[in-house]
Amino acid sequence: MPNSTILIAEDEEAARVSLQGLLESEGFQVLIAGDGAEALSLILHDEPDAVLLDVRMPRLDGLSVLRHALSGGSKSAFLVMTAFGDSVTAIEAMKLGAFDYLAKPLDFEYVLAQLKRAIEQLRFSRKVKAAPPQELPAHNLPMVGYSPPMQRVYKLIGQVAASDATVLVRGESGTGKELVVNAIHENSSRARGPLLKVNCAAIPETLLESELFGHEKGAFTNALFRRIGRFEEAHGGTLFLDEIAELAPALQAKLLRAVQERSIERLGSNTPTHIDIRLITATAKNLEQAVSRGEFREDLYYRLNVVTVALPALRERKQDIAALVGHFLQRSGRPVSLTPGALSLLCQHHWPGNVRELENTIARALVLARGNVIDQDDILLLADQQGSAATSKWTDLVSLDIGWKRNVEVLEQSLIERALVAAQGNKSKAADSLGIHRRLLYEKLRQYGLEAQESA
């Protein structure tokens, strides 16, 4: 890359000269250092774009150079080199902030590719930092997204919040139904009252009735004291019942009565207790189908479905992905940027797990990212509906008759074969796509007798 400066910090003169010649032939400006102290001085004084940093050097070892350089404010990209590829050193180097960890003997094709990638990320990061900050539209909802589907949701929340109408929040798992509940409560006249949440699927049926309606002392074995249920605790505020479709038939009948009469009876009591609450329920299931199958009471369905807030799936609001990613990165507290390639990859995904899956994907990327830039190689996406056919092909390779170890070998071999075909026999590209070092690829090629599939 023209005008890019690389520092080679290597105590072995032959290796240093060899690398220098190769990099200069690619158009890089090259600085050299024969020991750690000299390397640190050049890093802090000349600010090279990238540093090829040997671990074992006189006067100051490579990891110490890396530690001091980063604490001194260096913005260079560091690629750590070593002939002693132990896990402790590799983990420490990456933890300190190295862009990559290179095992000797070096594969120059791979080194060159990583150097270019590191410099591209460095320039992108500098460009992002130099750009003036953009202010996002402000609103008081703890939700992110400015697409037309989300604007309709915001509008409906504003309309619903002003009333005490019972609300049914619908949407696939991971779309943010609980955020809608929070927004309705916080923007309602009940905002100063309690907001209590109960997941109907997480509590056993035998305990859920007492959880919701409370019980009197002696109502059942081990009922040693009176307990106030969630309906009473939420008096003056909002009660949110999540996974309402999982409610048992007997509890559906009791809930219907509570909604109709605005009163409940504790277990072991015949005395009704008046309740003043806003009831919100949510489900990811199709309640209409549950009613038609007799699994959910039709009269309760109509009582709960006074106003419906339907949340769109993330695949239906992909224009919000950039804003969501920015929100998750800002919340992480790290000054991290996303490359256009990484954002494009996120926008192409089907997102079966919706916003929750996106949040987890960004959390993984923050762990894997080298430095302050996330690119597409840091994005690990789970298989979705669009990848189901490919998943089926992998599943077909598995057999319980050959045991765990052989199954792993079969899958490894198939994965390597596919990577070689995709890379047209280029070993470096195949290893890069698999996320492994070329040396490990060589070992696997020999192990599975695949050398003949490589191109020279």
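In sequence order, region 283-298 has phi-based couplings of 7, 9, 8, 7, 5, 4, 5, 5, 5, 5, 8, x, 8, 9, 5, 5 Hz under the Karplus curve 6.51 cos²θ - 1.76 cosθ + 1.60, θ = phi - 60°, and Gly or Pro positions carry x.
In this structure, the residue pairs whose Cα-Cα separation is over 19 Å, taken from LYS177/LYS197; LYS75/LYS104; LYS155/LYS285; LYS104/LYS427; LYS155/LYS177; LYS75/LYS95, are LYS75/LYS104; LYS155/LYS285.
Apply the a/c threshold of 1.5 to the C-alpha gyration tensor of region 141-185 and tell me whether it is rounded, prolate or oblate. Oblate. Collect residues whose amide H, placed 1.01 Å from N in the peptide plane, falls under 5 Å from the amide H of ALA310; neighbours closer than 5 in sequence don't count. When sequence neighbours closer than 5 places are left aside, the close amide H contacts are ARG170.
Positive-end ranking of SER4, PRO272, PRO149 along the dipole of the chain, with charges on Cβ about the Cα centre, is headed by PRO272. Under the convention that each Lys and Arg Cβ holds +1 and each Asp and Glu Cβ holds -1, the size of the dipole of region 5-130 around its Cα centre is about 680 debye.
Sorted ascending by nearby beta carbons within 10 Å, beginning with the fewest, CYS200, CYS347 become CYS347, CYS200.
By counting other Cβ atoms within 10 Å of each Cβ, how are MET94, MET57, MET143 ranked from fewest to most?
Working: MET94 15, MET57 22, MET143 19.
Listing MET94, MET57, MET143 from fewest to most nearby Cβ atoms yields MET94, MET143, MET57.
With both bridge residues required to lie in the chain, what share of the DSSP beta bridges run antiparallel, to the nearest 5%? Don't skip to the end; give the middle numbers.
On the way: 3 of 41 bridges.
Among the beta bridges of the chain, antiparallel pairing accounts for roughly 5 percent.
Under the convention that each Lys and Arg Cβ holds +1 and each Asp and Glu Cβ holds -1, the size of the dipole of the chain around its Cα centre is about 1380 debye.
Pop the C-beta distance of LYS217 and SER332 into the FRET formula with R0 = 60 Å and round what comes out to the nearest 0.05.
Values: r = 49 Å, r/R0 = 0.81.
About 0.80, to the nearest 0.05.
When Cα extents along the principal axes in Å is calculated for this entry, the matching label among (i) 79, 55, 48; (ii) 76, 46, 44; (iii) 92, 58, 47 is (iii). Assuming a ≥ b ≥ c are the square roots of the Cα gyration tensor eigenvalues, decide whether region 5-130 counts as rounded (a/c under 1.5), prolate (otherwise, with a/b larger than b/c) or oblate. Rounded, because the longest to shortest axis ratio a/c is under 1.5. In this structure the amide hydrogen of ILE32, modeled in the peptide plane, comes within under 5 Å of the amide hydrogens of ILE8, none closer than 5 places in sequence on its chain. Just to confirm the number: angle between the C-alpha axis of helix 177-186 and the first principal axis of the chain, 0 to 90 degrees, nearest 10? The angle comes out near 60 degrees.
Hey, fewest Cβ within 10 Å first, where do TYR110, TYR154 land in order? All intermediate terms of the calculation are to be shown ahead of the outcome.
Numbers: TYR110 19, TYR154 16.
Arranged by neighbour count, lowest to highest, TYR110, TYR154 become TYR154, TYR110.
Amide hydrogen proximity for VAL51: with H placed 1.01 Å from N in the peptide plane, the residues at 5 or more positions away or on another chain lying under 5 Å are LEU7, ALA77, PHE78, LEU79.
Report, in degrees rounded to the nearest 10, the 0 to 90 angle that the Cα long axis of helix 438-447 makes with the longest principal axis of the chain. With rounding to tens, the tilt is 80 degrees. Between helix 403-422 and the chain there is an angle of about 60 degrees, using the helix long axis and the longest principal axis of the Cα atoms.
No value in this document is a laboratory result; all are computed from the given coordinates. Worth saying up front: this structure is predicted, and the values here are computed from it rather than measured. Every residue, glycine as well, gets a Cβ built from its backbone with ideal geometry; the counts of neighbours run over all protein chains shown.
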